[in-house]
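Encoded as structure tokens, the structure appears first; notes follow it.
The values are calculated or read from the model by the stated rules, or taken from the named source; none is laboratory data. Quick caveat: nothing in here was measured; it's all calculated off a predicted structure. Cβ placement follows ideal geometry from the backbone for every residue including glycine, while neighbour counts extend to all protein chains displayed. Please note that ligands, DNA and RNA were not included when accessible areas were found on the heavy atoms of the full protein model with its side chains. Shrake-Rupley method; radii C 1.70, N 1.55, O 1.52, S 1.80 Å.
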Amino acid sequence: GLILTNHHVVAGNPSKLTVTLKDGRSFDATVYGIDTMTDLAIVRVKATGLPTAAIGNSSTIQVGQQAIAIGSPLGQFTDSVTSGIISALGRSIPVEDGSTLSNLIQTDTAINPGNSGGPLLDPSGKVIGVNTAAASQAQGIGFAIPIDIAKPLLAQASAGQPLARPYLGIRFETIDPTVQKA
């Protein structure tokens, strides 16, 4: 009953979530945990026998290999599948709250509003990423969070543990003449 998605997908109204499967079944869901540093969230439904997707390994993907995205673009074209390639690895992008998402997979696979939280798959159908954003100033530039970043969170949730990610609360700033003078 654990479902991996994006934090920004569930952030609006976490008290009322519904998960709908392709076969038409719907389940009330709750947010199990979030990781704001990576824009990941795990949602829980009380059900068994749910369909699953095989988890791949994002450390072995290569620029130029095929990528497949599944999602619901614009929230109305459910179960859409698009195909493209891995365009780059290790990308960073700014997000609306002023933070930065790092170490992302860049793909030209169509990722539109509504695709967030859906899987990015390799040619064998294994999940290699979680679709998270598209470049707003361009077409054909989408980003996914590598699945290897999500694996520790999935392991924690599967073990019934709260989601936790260690981090060091230090940030750096370039010392330019204005900062130096201050």
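Over segment 1-49, what is the mean sequence separation of C-alpha contacts under 8 Å (at least six apart), divided by residue count, expressed as relative contact order in percent?
So the answer I get is 45 percent.
Let me check against my output: what whole-number percent is the relative contact order of segment 68-163, with C-alpha pairs under 8 Å and at least 6 apart?
That works out to 24 percent.
Across all directions of projection, what mean area in square nanometres is found for the Cα convex hull of segment 77-118?
Here the figure is 3.4 nm², rounded to one decimal.
Compare L101, L50, L163 in a GNM of the chain, Cα atoms joined below 10 Å, and give the one with the largest fluctuation.
Judging by the Gaussian network model, the answer is L50.
Between I145, I86, I111, find the one with the highest GNM mean-square fluctuation for the chain; connect C-alpha pairs within less than 10 Å.
Looking only at I145, I86, I111, the biggest GNM fluctuation is shown by I86.
Whenever you get a sec, line up S92, S15 from highest to lowest accessible area (probe 1.4 Å, protein heavy atoms).
S15, S92
So what is the orientation-averaged projected area of the chain, using the convex hull of its C-alpha atoms, in nm²?
Value for the chain: 12.7 nm².
Ranked from the most accessible area to the least, with a 1.4 Å probe and all protein chains present, what is the order of F172, F27?
F172, F27
Which value in deg cm²/dmol, rounded to the nearest 500, describes the helix-derived mean residue ellipticity at 222 nm for the chain, given -39,500 (n - 2.57) per DSSP H run of n ≥ 4 and division by the residue count?
Per the formula, -3000 deg cm²/dmol.
Please find the FRET efficiency linking V95 to A53, where r is the Cβ-Cβ separation and R0 is fixed at 35 Å, and quote it to the nearest 0.05.
0.90
Based only on Cα atoms, what mean projected area does the convex hull of segment 53-147 have, in nm²?
Result: a mean projected hull area of 5.6 nm².
Which percent of Cα pairs goes in each bin when the distances of segment 24-87 are cut into 10 angstrom slices starting at zero?
Percent of Cα pairs in each bin: 14, 32, 43, 11.
Against the longest alpha carbon principal axis of the chain, how many degrees, from 0 to 90 and to the nearest 10, is the axis of helix 147-158 turned?
Relative to the chain, helix 147-158 is tipped by roughly 60 degrees.
Quick one: net charge of T78's neighbours, Cβ under 13 Å, K/R +1, D/E -1?
Neighbour charge sum, excluding T78 itself: -1.
Using only alpha carbon pairs under 8 Å that are at least six residues apart, calculate the relative contact order of the chain and give it in whole percent.
In percent, rounded to a whole number, it is 19.
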